[in-house]
Amino acid sequence: MDKGLASMNVEQMASTMDKFEAQFEDLDVKTQYMEGAMNSTTATTTPAEQVDELINLVADENNLDLGEEFAEAGTVGKIKQPKEAAPAKAEDDLEARLANLRG
(Lines give C-alpha, C1' and ligand atoms only; values in the text may rest on other atoms or scores of the structure.)
Protein backbone atom coordinates (compact mmCIF):
# COMPACT_ATOMS: atom_id res chain seq x y z
CA MET A 1 0.00 0.00 0.00
CA ASP A 2 2.91 2.34 0.69
CA LYS A 3 4.19 1.84 -2.86
CA GLY A 4 0.74 2.68 -4.23
CA LEU A 5 0.46 5.84 -2.17
CA ALA A 6 3.97 6.91 -3.11
CA SER A 7 3.20 6.70 -6.82
CA MET A 8 -0.05 8.73 -6.53
CA ASN A 9 -0.75 12.35 -5.75
CA VAL A 10 -2.49 12.12 -2.36
CA GLU A 11 -3.72 15.72 -2.43
CA GLN A 12 -5.38 15.19 -5.80
CA MET A 13 -6.97 11.94 -4.61
CA ALA A 14 -8.30 13.69 -1.49
CA SER A 15 -9.71 16.52 -3.60
CA THR A 16 -11.39 14.06 -5.96
CA MET A 17 -12.83 12.10 -3.04
CA ASP A 18 -14.18 15.31 -1.47
CA LYS A 19 -15.85 16.29 -4.75
CA PHE A 20 -17.35 12.81 -5.06
CA GLU A 21 -18.70 12.95 -1.52
CA ALA A 22 -20.24 16.39 -2.09
CA GLN A 23 -21.88 15.24 -5.33
CA PHE A 24 -23.14 12.08 -3.68
CA GLU A 25 -24.69 14.08 -0.81
CA ASP A 26 -26.31 16.48 -3.30
CA LEU A 27 -27.72 13.54 -5.25
CA ASP A 28 -29.05 11.97 -2.05
CA VAL A 29 -30.85 15.20 -1.09
CA LYS A 30 -32.32 15.55 -4.59
CA THR A 31 -33.44 11.92 -4.57
CA GLN A 32 -35.15 12.27 -1.20
CA TYR A 33 -36.90 15.43 -2.39
CA MET A 34 -38.12 13.75 -5.58
CA GLU A 35 -39.32 10.67 -3.70
CA GLY A 36 -41.23 12.86 -1.27
CA ALA A 37 -42.78 14.87 -4.07
CA MET A 38 -43.77 11.75 -6.02
CA ASN A 39 -45.23 10.05 -2.95
CA SER A 40 -47.24 13.07 -1.93
CA THR A 41 -48.66 13.73 -5.40
CA THR A 42 -49.44 10.10 -6.08
CA ALA A 43 -51.02 9.53 -2.70
CA THR A 44 -53.13 12.68 -2.82
CA THR A 45 -54.40 12.38 -6.39
CA THR A 46 -55.99 8.95 -5.96
CA PRO A 47 -58.43 8.38 -3.11
CA ALA A 48 -57.41 5.43 -0.95
CA GLU A 49 -60.94 4.01 -1.01
CA GLN A 50 -60.86 3.74 -4.82
CA VAL A 51 -57.49 2.01 -4.72
CA ASP A 52 -58.72 -0.46 -2.11
CA GLU A 53 -61.87 -1.16 -4.13
CA LEU A 54 -59.83 -1.78 -7.28
CA ILE A 55 -57.45 -4.13 -5.46
CA ASN A 56 -60.38 -6.04 -3.97
CA LEU A 57 -62.06 -6.24 -7.40
CA VAL A 58 -58.94 -7.66 -9.05
CA ALA A 59 -58.44 -10.07 -6.15
CA ASP A 60 -62.04 -11.29 -6.43
CA GLU A 61 -61.78 -11.73 -10.23
CA ASN A 62 -58.64 -13.84 -9.80
CA ASN A 63 -59.75 -15.73 -6.68
CA LEU A 64 -56.96 -14.24 -4.58
CA ASP A 65 -57.04 -14.03 -0.79
CA LEU A 66 -55.60 -10.73 0.43
CA GLY A 67 -55.60 -11.83 4.05
CA GLU A 68 -54.92 -9.68 7.05
CA GLU A 69 -51.64 -8.31 5.67
CA PHE A 70 -53.56 -6.12 3.23
CA ALA A 71 -55.74 -4.63 5.93
CA GLU A 72 -52.68 -3.96 8.11
CA ALA A 73 -50.62 -2.46 5.27
CA GLY A 74 -51.65 1.11 6.00
CA THR A 75 -51.52 4.21 3.84
CA VAL A 76 -49.64 4.43 0.55
CA GLY A 77 -46.21 6.03 0.92
CA LYS A 78 -45.94 5.33 4.63
CA ILE A 79 -43.21 2.95 5.72
CA LYS A 80 -44.41 0.51 8.33
CA GLN A 81 -41.94 -0.67 10.94
CA PRO A 82 -41.41 -4.44 10.82
CA LYS A 83 -42.56 -6.55 13.70
CA GLU A 84 -39.82 -7.77 16.03
CA ALA A 85 -41.52 -11.06 16.93
CA ALA A 86 -40.89 -12.68 13.54
CA PRO A 87 -37.10 -13.17 13.92
CA ALA A 88 -37.56 -14.85 17.30
CA LYS A 89 -40.08 -17.29 15.81
CA ALA A 90 -37.81 -18.04 12.88
CA GLU A 91 -34.94 -18.60 15.29
CA ASP A 92 -37.09 -20.99 17.35
CA ASP A 93 -38.03 -22.88 14.18
CA LEU A 94 -34.39 -23.22 13.21
CA GLU A 95 -33.46 -24.44 16.67
CA ALA A 96 -36.27 -27.00 16.58
CA ARG A 97 -35.14 -28.25 13.17
CA LEU A 98 -31.54 -28.49 14.37
CA ALA A 99 -32.60 -30.42 17.47
CA ASN A 100 -34.65 -32.73 15.24
CA LEU A 101 -31.65 -33.37 12.99
CA ARG A 102 -29.40 -34.09 15.94
CA GLY A 103 -31.91 -36.68 16.97
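Once ligands and nucleic acids are excluded and a 1.4 Å probe is used, how much of Leu66 is accessible, expressed in Å² to the nearest 10?
Using a 1.4 Å probe on the heavy atoms, I get roughly 60 Å².
Hey, any idea what % of segment 13-53's accessible area is carbon plus sulfur with a 1.4 Å probe?
61
Quick one: 3J(HN,Hα) in Hz for segment 21-31, Karplus 6.51/-1.76/1.60 with θ = phi - 60°, rounded, Gly and Pro as x.
In residue order, the calculated couplings are 4, 5, 5, 5, 5, 4, 5, 4, 5, 5, 5 Hz.
Taking a probe of 1.4 angstrom, what is the accessible area of Thr46 in Å², to the nearest 10?
About 60 Å², rounded to the nearest 10.
The values are calculated or read from the model by the stated rules, or taken from the named source; none is laboratory data. All figures in this text were calculated on a predicted structure; none of them were measured in a lab. In case anyone asks, the SASA skips ligands and DNA or RNA and just uses the protein heavy atoms, side chains included. Shrake-Rupley method; radii C 1.70, N 1.55, O 1.52, S 1.80 Å.
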